[in-house]
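Notes for the one structure printed next.
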Amino acid sequence: MRLNGEISIANVDDDDDGDGERKENELGLIRSPTPTAPPTRLVVGYALTSKKRQSFLQPKLLALARSKGILFIAVDVKQPLSDQGPFDVVLHKLAGKEWSQMIEDYGQKNPNVTVLDPPDAIEHVNNRQSMLEDVADLNLPDYYGRVTVPRQLVFTTDPSSIPHEVTKEGLKLPLGGVLFKVYIIGEFIKVVRRFSLPDVCKRELSKIAGVFPFPRVSCASASADGADLDPKVAELPPSPLLEMLARELRLRLGLQLFNVDIIREYGTRDLYYIIDINYFPGYGKMPDYEHTFTEFLLSLEQSKYEKVLVA
């Protein structure tokens, strides 16, 4: 077996008294040294909330990244970015105009540094109206299904008027049994199933005054993968449809790290609603996220190298 450019002998008896090593030396062969982590070739500066650090920078990600020559370094947000690093990538999810301005200035002065992602693009998806307008304008081919957004109403007055206004506008909840969370990391796509909001009967509603509580649908404990569901409900959206959707959203939104929440219209197989888009979602809930993310970071560096060669 060839390992790190050297030849290793694996058929030496466990109870060898030393002759095995002498025989290897006589043959001019040596055992491979214990593999060590490669030298750092990619430095990622991160500026994350404490909650995001805990959920994303898990030991399994840090260990795998280190083995591939990727080093994560915390950014001191109280100091100028130009005085830190140098960084190859800046990964961030912080709010505030001051930070946004700091990261924008840094990106302009350091065009060779990849900023994930531009603050103005992040702000765009934080506004639900502008976010869903982008989806409504997609106009994707409907070979594999139709993707749109549900009709919506915004209420700024008395919540008690909601039932009347909803009935007046002819709106209905487009619930199915499953929510599809589409995680996007660059060109990589991963879909997981979560149970959608449950239907609520009138008898249950009559017991509640005011707000009716729903469970969180995004948490991993709400996973519907492996559940005994109707195949028509649990069937994933077609891969070609998701690939087209992800590609168009990356271009329109200017983001590489986001997820899309999709539901299928109940009783149909090809009508999908996008109900939410989130920047830098909880990737720690995604199976094998550490492998996907490290490969994504390495692909960024490879793209830079290829551009230099072309230039």
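Estimated at 0.36 nm per residue, the fully extended path between Arg66 and Asp120 surpasses their Cα-Cα distance by 16.3 nm.
Taking 0.36 nm per residue of sequence separation and removing the Cα-Cα distance, the Arg269/Glu165 pair yields an extension gain of 34.5 nm. Output the pairs from Lys109/Lys304; Lys52/Lys285; Lys68/Lys304; Lys93/Lys285; Lys190/Lys304; Lys97/Lys181 with a Cα-Cα distance over 20 Å in this structure; if there are none, say none. Beyond 20 Å between Cα atoms: Lys190/Lys304; Lys97/Lys181. With only Cα atoms counted, the range 33-173 has Rg and Dmax values of 21.9, 75 Å.
How big is the accessible area of Arg151 in square angstrom, nearest 10, if you roll a 1.4 angstrom probe over the protein chains? So the heavy atoms of Arg151 present about 150 Å² to solvent. Each peptide among 80-87, 235-242 gets the average number of other Cβ atoms lying within 10 Å of its residues, and from highest to lowest they stand as 235-242, 80-87. Using a probe of 1.4 Å on the protein chains alone, the accessible area found for Tyr46 is around 40 Å². On the accessible surface of the range 61-160, probed at 1.4 Å, how many percent belong to carbon and sulfur atoms? Carbon and sulfur atoms account for 48 percent of the accessible area of the range 61-160.
Accessible area per residue for the range 230-269, computed on protein heavy atoms with a 1.4 Å probe, is 48 Å². What would the Debye equation give as log₁₀ I(q)/I(0) for the range 240-310 at q = 0.24 Å⁻¹, counting only Cα atoms as equal point scatterers? The calculated log intensity ratios at q = 0.24 Å⁻¹ are -1.23.
The values are calculated or read from the model by the stated rules, or taken from the named source; none is laboratory data. Keep in mind it's a predicted model, so treat the numbers as computed, not measured. Cβ atoms come from the backbone with ideal geometry, glycine included; neighbour counts cover every protein chain shown. To get the accessible areas, we keep the full protein, side chains included, count just its heavy atoms, and leave off ligands, DNA and RNA. Shrake-Rupley method; radii C 1.70, N 1.55, O 1.52, S 1.80 Å.
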